[in-house]
Amino acid sequence: MSAAGRLSAADRRRQLVAVALDLFAERGFNATTMDDIAERAGVTKPLLYQHFASKRALYLELVDGVSHDMVEAIATSAAAASGPRQQVEAGFAAYFQFVATSTTAFRLIFGSDIPDDPELSGALRRVEAAAVDAVDVLIDAGLEPEHRRLLAQAVMGMAEAASRYWLASTDDSDFDDHQARVAQATVMARRLADMAWAGLRSVHRD
């Protein structure tokens, strides 16, 4: 490879992360090997190991990165909203826009392939817990913590189920148009926010 075609260490690492994300989401953790990642990235396996000590380390870094991006998007969007109802819709909008624009990342976290490994499956559960945390703070503080947590879990479950349905019923070509994806995410956010807000407003505080 020519000098002009070589990537910097940082760019190479980003490339490897992107390739690994695609493969893990497509095949699952167990069925993906470091050989697969190196081959698709067009690098040698020794070079891959220069960046990541193991497949496990690479997977955990991916999960942590996706978790951070998703939770930050929800929290930032909700914080900029003007009121409680708007916060709920903004949180949904950020979540669905994440699904629409980072479909592979969503499938990595919420896909059907859960590694049969306590550490790795625990990392996935922490992502879900972090998302619930982001929703928890948007719910009326007048509720008991356990009550609020239960509702936050239900809201996230609703969002995840709706996202799975959306992805399963939408042709992949529909996701090629970024503007169309964001528009669909906005519509979904408004519809689910209407239902969630109506339910949250009627919650009893006992």
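The values are calculated or read from the model by the stated rules, or taken from the named source; none is laboratory data. This one's a predicted model, so the numbers in the text were calculated from it and none came from an experiment. Note that each Cβ is placed from the backbone with ideal geometry, even for glycine, and that neighbours are counted across all protein chains shown. For accessibility, only protein heavy atoms count, side chains too; no ligands or nucleic acids. Shrake-Rupley method; radii C 1.70, N 1.55, O 1.52, S 1.80 Å.
If you go through the range 1-29 one residue at a time, how many are farther than 30 Å from R164 by Cα and either surrounded by fewer than 17 Cβ atoms within 10 Å (Cβ to Cβ) or touching a Ser or Thr at 6+ places or on another chain (Cβ under 9 Å) (or both)?
Number satisfying all stated conditions: 11.
So that you can scan it fast, the table gives a plain yes or no per residue for (1) closer than 17 Å to A159 by Cα; (2) in contact (Cβ under 8 Å) with a residue 12 or more places away in the chain:
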position: A57; (1), (2): no, no
position: L60; (1), (2): no, yes
position: H68; (1), (2): no, no
position: A79; (1), (2): no, no
position: F92; (1), (2): yes, yes
position: Y95; (1), (2): yes, yes
position: T103; (1), (2): yes, yes
position: F110; (1), (2): yes, yes
position: I114; (1), (2): no, no
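Enumerate the helices (runs of 4 or more DSSP H) found wholly within the range 30-130, keeping only those where 3 or more residues are under 25 Å from L150 (Cβ atoms) and open to solvent by 10 Å² or more (accessible area, probe 1.4 Å).
Those helices (runs of 4 or more DSSP H) span 55-79, 84-101.
List pairs: first in the range 186-205 and within 14 Å of M156 (Cβ to Cβ), second modelled with pLDDT under 80 and open to solvent by 40 Å² or more (accessible area, probe 1.4 Å), Cβ under 9 Å, 6+ apart or cross-chain?
L200/D140
Of all residues being β-branched (V, I, T) and within 16 Å of W197 (Cα to Cα) in the range 133-170, which is most open to solvent (accessible area, probe 1.4 Å)? Just the residue, please.
V137
List every residue pair whose Cβ atoms lie under 7 Å apart, where the two residues are 6 or more positions apart in sequence or sit on different chains, the first residue falls within the range 139-162 and is at pLDDT below 90, and the second residue, located anywhere, is open to solvent by 40 Å² or more (accessible area, probe 1.4 Å) and part of a loop (DSSP other than H, G, I, E, B).
G142/R205; L143/R205
If a residue has to be of a type in the set (A, V, I, L, M) and within 21 Å of A161 (Cα to Cα) to count, how many in the range 56-77 make the cut? Walk me through how you get there before you give the answer.
If we filter the range 56-77 for residues that are of a type in the set (A, V, I, L, M), which is where we start, we get 57-58, 60, 62-63, 66, 70-71, 73-75.
Applying the additional criterion that residues be within 21 Å of A161 (Cα to Cα) yields 63, 66, 70-71, 73-75.
So the count comes out to 7.
Considering only the range 11-22, I want to know if a residue exists there that is under 24 Å from F98 (Cβ atoms), part of a helix (DSSP H, G or I) and touching a residue at least 60 places away in the same chain (Cβ under 8 Å).
Yes: one or more hits.
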